[in-house]
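Colleague: Take a look at the following structure, please.
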Amino acid sequence: MGNRQSNLEELQKLRESIEMMEELLDNAYYGMVLVDTEGYIVKWNYEKLLGISEKEVLGKHVKDVIPNTRLHIVAKTGVKELCDIQEIHGKKVITSRIPIIKGGKSLGAAGTVLFSDISELQALAKKVQILEDTLNKYKGEVSKLYQARFTFDDIVSNNLKMIELKTIAKRVAKTNSTVLIQGESGTGKELFAHAIHRESLRKYGNFVSVNCAAIPKELLESELFGYEEGAFTGSKKGGKMGKFELAIGGTIFLDEIGSMPLDMQSKILRVLEMKEFERVGGNKPIKLDTRIIAATNENLEEEIVKGNFRKDLYYRLNIIKLEIPPLRERIEDVEILSKNILIKLALDLNMKEKTLTKDAVEALKNYHWPGNIRELRNVLERAVNLTSKPVIEIKDLPDSFKDKLPIKKGDVKSHSLKEKLEEFEKDILKKAIEEAGGNKTLAAQHLKIHRTSLYKKLEKYRMTEYM
Ligand SMILES: Nc1ncnc2c1ncn2[C@@H]1O[C@H](COP(=O)(O)OP(=O)(O)OP(=O)(O)O)[C@@H](O)[C@H]1O
Ligand SMILES: [Mg+2]
């Protein structure tokens, strides 16, 4: 009795699971057909696809219903055929033929159709491809645009002040404090900003750079804070994210902050004080979760006096100030910077690294570098391109370096006129004797001096090789 009961229950369960499978098959595929080992149809679900009902075909051979089918073959061989393109009643479809194997023996085969028409799939594939391409393009652009490229290792220097500056910057990087970087053009302000971001806990966030001098005044606000759809005529559908929003969780670098218009300065000040901002035309405050680094090559204290920069904003920004010394105040860096730049240039230009002659290094060191390291880089890049030789000489440098010829060792001591005249006299004696083929009498005649006088001079200058 109990046995019979459990058999019934099992049968019930089996029926339920078959129903579930049928339900699943009905919905998972566009169509499906099941045949036995001989190829006779046991289940038919192609009504949607072909307009033929199951009743009409049950028990028929599959070949008689789908002329070019291979399902009966798969049922025999037990070898599956996946994703084949087949034409059924004038429609190209994608079919798979799967043998049903039990105990190593084929019991039949199932044919499935995934798409009613291959063009549907092609269109879909194309759409996916386009989406993928677009996504990759934007991914690439976003990561390129908003990534810090330099670390503290890229800032090379042997100068004590610079080494100290790097130490302070590294320490500050770990905090959330606002940093103000001041320094002449080309001293490496941007390099420091990148390095601070990379050293910070926000390094996985974006590093968003804004050149306050390059964005037109009218656009600055929407560039910084973004805007809501319909904020103004021509505004984009869905609005636009601003730089502050892009920098959430990361760092915003306000470069050339000295060029920021006064009214924008007020807005920035308010954002820094409230620690939140809104999109233009929006009313949802967005939390300011962004580290701020500002840079300028202007003397902001002077700009405050002139009325071009807000004092209160200056105090807000001036929490940690990094003042980068100009290159002329760290001339000892010229050599190591040049070496570093030449290595990078060689990599960029895919050529062997070039070196500088001692004289060329001296000439570079004697220059005043108004354009700082950027100028040094330009001078070296020009020289690398100008010479095909592996060493860069003074003649490969711009004209302004030609008169920067290093003073020779002997010259250093001979400052006085007397010493200079003596050097000159020595040169003349040397030339005269050489021109006379070593004949000192002849040389004395040419110089219109007495022979003994010539000897005296040679003795005086210890020019023993001519005596
Ligand atoms: N210490 C350094 N070591 C190596 N390269 C440096 C260093 N400082 C600056 N550079 C290089 O010099 C160039 C100028 O640097 P950067 O752009 O950071 O200057 P900047 O201070 O931002 O100038 P600007 O005020 O004109 O924007 C860059 O090519 C940078 O890689
Ligand atoms: Mg810069």
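The values are calculated or read from the model by the stated rules, or taken from the named source; none is laboratory data. None of the values given here were measured: they were computed from a predicted structure. Quick reminder, even Gly has a Cβ in these numbers, built from the backbone with ideal geometry, and neighbours come from all protein chains shown. Side chains included, ligands, DNA and RNA excluded: accessible areas come from the protein's heavy atoms. Shrake-Rupley method; radii C 1.70, N 1.55, O 1.52, S 1.80 Å.
Colleague: Which is in contact with an Asp or Glu (Cβ under 9 Å, 6 or more places away or on another chain), open to solvent by less than 70 Å² (accessible area, probe 1.4 Å), of a type in the set (S, T, Y) and part of a strand (DSSP E or B), of S96, S106? Working first, answer last.
Modeller: Details: S106 fails: in contact with an Asp or Glu (Cβ under 9 Å, 6 or more places away or on another chain).
Going through S96, S106 in turn, the sole match is S96.
The rows are residues; the columns are (1) within 16 Å of ligand 1 (Cβ to nearest atom); (2) in contact with a helix residue (DSSP H, G or I) (Cβ under 8 Å, 6 or more places away or on another chain); (3) of a type in the set (K, R).
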position: G242; (1), (2), (3): no, yes, no
position: A247; (1), (2), (3): no, no, no
position: D255; (1), (2), (3): yes, yes, no
position: P261; (1), (2), (3): no, yes, no
position: M264; (1), (2), (3): no, yes, no
position: K267; (1), (2), (3): no, yes, yes
position: R270; (1), (2), (3): no, no, yes
position: E278; (1), (2), (3): no, yes, no
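Colleague: Of (1) of a type in the set (G, A, S); (2) in contact with a helix residue (DSSP H, G or I) (Cβ under 8 Å, 6 or more places away or on another chain); (3) away from ligand 1 (no atom under 16 Å from the Cβ), A169 satisfies all except one. Which?
Modeller: (3)
Residues checked against (1) open to solvent by less than 70 Å² (accessible area, probe 1.4 Å); (2) outside any loop (DSSP other than H, G, I, E, B); (3) not acidic (D, E):
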| position | (1), (2), (3) |
| --- | --- |
| K430 | no, yes, yes |
| G438 | yes, no, yes |
| L442 | yes, yes, yes |
| I449 | yes, no, yes |
| T452 | no, yes, yes |
| K457 | yes, yes, yes |
| R462 | no, no, yes |
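Colleague: Next question. Restricting attention to segment 309-331, which residues are open to solvent by 60 Å² or more (accessible area, probe 1.4 Å), part of a loop (DSSP other than H, G, I, E, B) and modelled with pLDDT of 95 or more?
Modeller: Within segment 309-331, R310 is the sole residue that qualifies.
Colleague: What pairs come up if the first residue lies in segment 356-374 and is away from ligand 2 (no atom under 16 Å from the Cβ) and among the acidic types (D, E), the second is open to solvent by 30 Å² or more (accessible area, probe 1.4 Å) and assigned to a helix (DSSP H, G or I), and their beta carbons are under 8 Å apart, counting only those six or more places apart or on different chains?
Modeller: Taking only residues 6 or more apart or on different chains, the pairs are E362/K404.
Colleague: For segment 350-367, give me the residue count where each residue is touching a Leu at 6+ places or on another chain (Cβ under 9 Å), open to solvent by 40 Å² or more (accessible area, probe 1.4 Å) and not hydroxyl-bearing (S, T, Y).
Modeller: 5
Colleague: Right, something else. Is segment 178-190 home to any residue that is more than 7 Å from ligand 1 (Cβ to nearest atom) and without any contact (Cβ under 8 Å) to a residue 12 or more places away in the chain?
Modeller: Checking segment 178-190: not a single residue is more than 7 Å from ligand 1 (Cβ to nearest atom) and without any contact (Cβ under 8 Å) to a residue 12 or more places away in the chain.
Colleague: Moving on to the next point. If you go through segment 398-422 one residue at a time, how many are part of a helix (DSSP H, G or I), at pLDDT below 85 and surrounded by 15 or more Cβ atoms within 10 Å (Cβ to Cβ)?
Modeller: If we filter segment 398-422 for residues that are part of a helix (DSSP H, G or I), which is where we start, we get 399-404, 409-413, 417-422.
Of the ones still in play, those that are also at pLDDT below 85 are 400, 402-404, 409-413, 417-422.
If we keep only those that are surrounded by 15 or more Cβ atoms within 10 Å (Cβ to Cβ) too, we end up with 404, 422.
Residues that pass the stated criteria total 2.
Colleague: Six or more apart or on different chains, Cβ under 8 Å: which pairs go from a residue in segment 124-139 that's over 23 Å from L246 (Cβ atoms) and assigned by TED's automatic domain parsing to the domain that holds I94 to one that's part of a helix (DSSP H, G or I) and open to solvent by less than 100 Å² (accessible area, probe 1.4 Å)? Could you list them?
Modeller: none
Colleague: Sort out which residues of segment 265-298 are open to solvent by 60 Å² or more (accessible area, probe 1.4 Å) and within 16 Å of ligand 2 (Cβ to nearest atom), and write them in order of number.
Modeller: Across segment 265-298, the qualifying residue is only N297.
Colleague: Select from segment 146-164 the residues that are more than 16 Å from ligand 2 (Cβ to nearest atom) and not in a loop (DSSP other than H, G, I, E, B) and write down the one among them that is farthest from K275 (Cα to Cα). Please lay out each step first, then the result.
Modeller: First, pick out the residues of segment 146-164 that are more than 16 Å from ligand 2 (Cβ to nearest atom): 146-147, 151-153, 156-164.
In the following step, the residues that additionally are not in a loop (DSSP other than H, G, I, E, B) were identified as 152-153, 160-164.
Details: F152: 29, D153: 32, L160: 37, K161: 34, M162: 32, I163: 33, E164: 31 Å.
Per the stated criteria, the residue is L160.
Colleague: Hey, any hits in segment 122-142 for a residue that's over 27 Å from P326 (Cβ atoms) and either in contact with a helix residue (DSSP H, G or I) (Cβ under 8 Å, 6 or more places away or on another chain) or in a strand (DSSP E or B) (or both)?
Modeller: No, there is no match, as no residue in segment 122-142 is over 27 Å from P326 (Cβ atoms) and either in contact with a helix residue (DSSP H, G or I) (Cβ under 8 Å, 6 or more places away or on another chain) or in a strand (DSSP E or B) (or both).
Colleague: With the structure loaded, tell me whether T134 is open to solvent by 20 Å² or more (accessible area, probe 1.4 Å) and within 16 Å of ligand 1 (Cβ to nearest atom) or whether it fails that test. Even if it seems obvious, please write down each step before you answer.
Modeller: Numbers: open to solvent by 20 Å² or more (accessible area, probe 1.4 Å): yes; within 16 Å of ligand 1 (Cβ to nearest atom): no.
Considered against the rule, which asks whether it is open to solvent by 20 Å² or more (accessible area, probe 1.4 Å) and within 16 Å of ligand 1 (Cβ to nearest atom), T134 comes out as no.
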